[in-house]
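The values are calculated or read from the model by the stated rules, or taken from the named source; none is laboratory data. All values reported here derive from a predicted model rather than from experimental measurement. Cβ placement follows ideal geometry from the backbone for every residue including glycine, while neighbour counts extend to all protein chains displayed. These accessible areas exclude ligands, DNA and RNA; they are computed on the full protein's heavy atoms, side chains included. Shrake-Rupley method; radii C 1.70, N 1.55, O 1.52, S 1.80 Å.
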Amino acid sequence: MKLGLEAIGALCDRLGRPERRVPSVLIAGTNGKGSTAATLSAIAHAAGVRTGLYTSPHLIEVTERIRVEEADIAPEELERALAIVLAAADAAPEISLTYFEALTAAAFVAFAEHRLGLAILEVGLGGRLDATNVAPASLSVVTSISLDHIEDLGPTVASIAREKAGIFRHGRPALVESPLDEAREVFRTIAAQTGAFLHEMPAEVSMEVGEPSLRGTAFRLRTPERAYALSTPLLGTHQAGNTATAVRAAELLGPDFPIEAEAIGRGVRSVRWPGRLEKFLVRGHAVLLDGCHNLDGARCLAIFLARTGLPADLVFGAMADKDIEGMVGSLADAVGEILLVPIDSPRAATPEELRRRVSEWRPDARCAGSLEEALEELLARPGDKPIIVAGSLYLVGRARALLLSARRERI
């Protein structure tokens, strides 16, 4: 990883500035930015806008990171875009690129070649120094703010908010979700300094969320422009909040992208965002996959389980630098048995480390040799007790690949 805009800026110069040929929206945040980006993309597509979506990380195939008109980019098209990017980088003087910078540039190239009407870009890390930030965003969005990646973004909510607010643009709307006073003050200061038009979700919208279920999330939303009754297939009260941010973002796209209420409803109903409380049916058991890779994500999962009364067992794995104690502490009372599994990453905590770190909350948590072993043990039991695979997105991606390769039936 290498934060900074020097390399991506020089590369885009050589490529003829493809990121400037398609109007764009930048979406940053600690949690919810991917769901918000995917929902906004679905809304724009439903309104007839030829839309591209760039997100990270992928769960199974790298082509998931780039969508063109709601379809994952074809492998051969991604290869061609990357070949263009790498040829430009290899020209003298050579530009050293990270994996993320190369893929970001490939997305810019693909979107420009398709002559799309709008590109929705999920920021990778932070905002100010993220490679996506070379795009001249027509709209900037910041979803929730919490303490994550503090080694790169700073140790306080204010320091993280400053990095996220680095995507604000002069004379353009900036929509922020966080209700935290510390973040709000930073956003107001930076909006005034940059000349961005700040819109605060807590001040502009109100929402009533229905009872959570495994079928989806229904809610009523009132914005400065309209009142809506909406339903998203994404599960959990937190997804109603992410969807509301996407709806307000669609409204703020302005006269260049007039989006009617009916298109917003269709887009919200059709959104596709795998690995976030995604549901499968396996041998009569509901299996949910949730990439709640930090404390706030785990809290959202715990709230969903408590409100639905779902008596699920948990398969858990995480990166060693995450707040594992807080994550499992949040989930401890909401789940039954906990099986701790390894992840194929040098950054991952081993099952033994996980057990040591969660012992205060769940001394009964057990280590499993692998994800496959843990799933097989729980699925072999009689009855239909639900199973949740949660924690790292790497773990969720591996679980999703297993379930899809076995041609399991989706709920």
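Residues that are at pLDDT below 95, of a type in the set (D, E, K, R) and open to solvent by less than 50 Å² (accessible area, probe 1.4 Å) occur in the range 176-190; there is at least one.
The set of residues in the range 297-321 being surrounded by fewer than 22 Cβ atoms within 10 Å (Cβ to Cβ), under 20 Å from the mean Cα position of the chain (by Cα) and not hydrophobic (A, V, I, L, M, F, W, C) consists of Arg299, Asp321.
Could you tell me whether Phe187 is assigned to a helix (DSSP H, G or I) and among the aromatic types (Phe, Trp, Tyr)? Answer is yes for this residue.
Taking only pairs six or more apart or across chains, which ones have beta-carbon atoms under 8 Å, a first residue in the range 204-232 that is farther than 15 Å from Leu252 by Cα and charged (D, E, K, R), and a second residue that is modelled with pLDDT under 95 and open to solvent by 50 Å² or more (accessible area, probe 1.4 Å)? Taking only residues 6 or more apart or on different chains, the pairs are Glu211/Arg307. Considering (1) hydrophobic (A, V, I, L, M, F, W, C); (2) closer than 23 Å to Leu371 by Cβ; (3) open to solvent by 50 Å² or more (accessible area, probe 1.4 Å), the lone condition that Ala227 does not fulfil carries the number (2). Scanning the range 191-230 for residues that are out of contact with any Ser or Thr (no Cβ under 8 Å at 6 or more places or on another chain), at pLDDT below 95 and within 18 Å of Ser270 (Cα to Cα) yields a single hit, Arg215. The condition of being touching a residue at least 12 places away in the same chain (Cβ under 8 Å), under 25 Å from Ala263 (Cα atoms), touching a His at 6+ places or on another chain (Cβ under 6 Å) and aliphatic (A, V, I, L, M) holds for only one of Val25, Val68, that being Val68.
For the range 202-223, a residue qualifies if it is at negative phi, in contact with a strand residue (DSSP E or B) (Cβ under 7 Å, 6 or more places away or on another chain) and not in a strand (DSSP E or B), and the qualifying residues are Val205, Gly210, Leu214.
Restricting the range 42-71 to residues that are polar (S, T, N, Q) and more than 13 Å from the chain's Cα centre (by Cα) leaves a set whose member that is least open to solvent (accessible area, probe 1.4 Å) is Thr51. Exactly one residue among Val328, Val341, Val268, Val282 is within 22 Å of Asn242 (Cβ to Cβ) and either open to solvent by less than 30 Å² (accessible area, probe 1.4 Å) or not β-branched (Val, Ile, Thr) (or both), and that residue is Val268. When the criteria are applied in full, Arg362 meets the requirement of being buried (at least 17 other Cβ atoms within 10 Å of the Cβ) and either under 20 Å from Gly297 (Cβ atoms) or polar (S, T, N, Q) (or both). If the condition is being part of a strand (DSSP E or B), free of Cβ contacts under 8 Å to residues at least 40 places away in the same chain and either touching a helix residue (DSSP H, G or I) at 6+ places or on another chain (Cβ under 6 Å) or among the hydroxyl-bearing types (Ser, Thr, Tyr) (or both), then the range 362-387 contributes only Cys367.
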